[in-house]
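Comments concern the structure below.
What follows is calculated from the coordinates using simple rules that are stated; it is not laboratory data. All values derive from a computational prediction rather than experimental measurement. So basically every Cβ, Gly included, is an ideal-geometry build from the backbone, and we count neighbours across all protein chains shown.
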């Protein structure tokens with residue numbers, strides 16, 4: 001997923017997350033932009049899955065920064081690129 005150093009969100013996004021669970025404030029770090037924050041989507045997702053009893057690991061990759069490996073819609077729109085790429089994600093459930 002996009003890394004926290006590249007996922008800046010506005011006050012409405014922050015408010016929705018904190019309204020659901022006040023502890024969600026821990027997934028945000030200060031941003032240089034007033035009233036905005038950097039959101040750690042990877043840690044939030046792994047924590048939610050873990051609390052649900054699912055074994056999950058974050059890969060520590062950033063789809064925004066690692067443009068040679070990943071497409072990022074956010075990166076594409078920030079650059080005002082005329083077309084956009086495609087990306088697919090999958091979750092694999094292992095059976096015994």
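Here the residues 84, 27, 44, ranked from fewest to most Cβ neighbours within 10 Å of their Cβ, fall in the order 84, 44, 27. Using the Cβ-Cβ distance between residue 36 and residue 79 with R0 set to 25 Å, the FRET efficiency from 1/(1 + (r/R0)^6) comes to roughly 0.80.
Panel order for 47, 21, by other beta carbons found within 10 Å of each beta carbon, from fewest to most: 21, 47.
In the frame of its principal axes, segment 8-78 has Cα extents of 35, 35, 16 Å, reported largest first. Over the chain, DSSP H runs of length four or greater, each weighted -39,500 (n - 2.57), average out per residue to a 222 nm ellipticity of -8000 deg cm²/dmol. Stretching the chain fully between residue 67 and residue 95 yields a gain of 6.8 nm (0.36 nm per residue, less the alpha carbon separation). Among 36, 78, the ranking by other beta carbons within 10 Å of each residue's beta carbon, starting with the fewest, stands as 78, 36.
Gain on full extension, evaluated as 0.36 nm per residue between residue 56 and residue 19 minus their Cα-Cα distance, stands at 10.8 nm.
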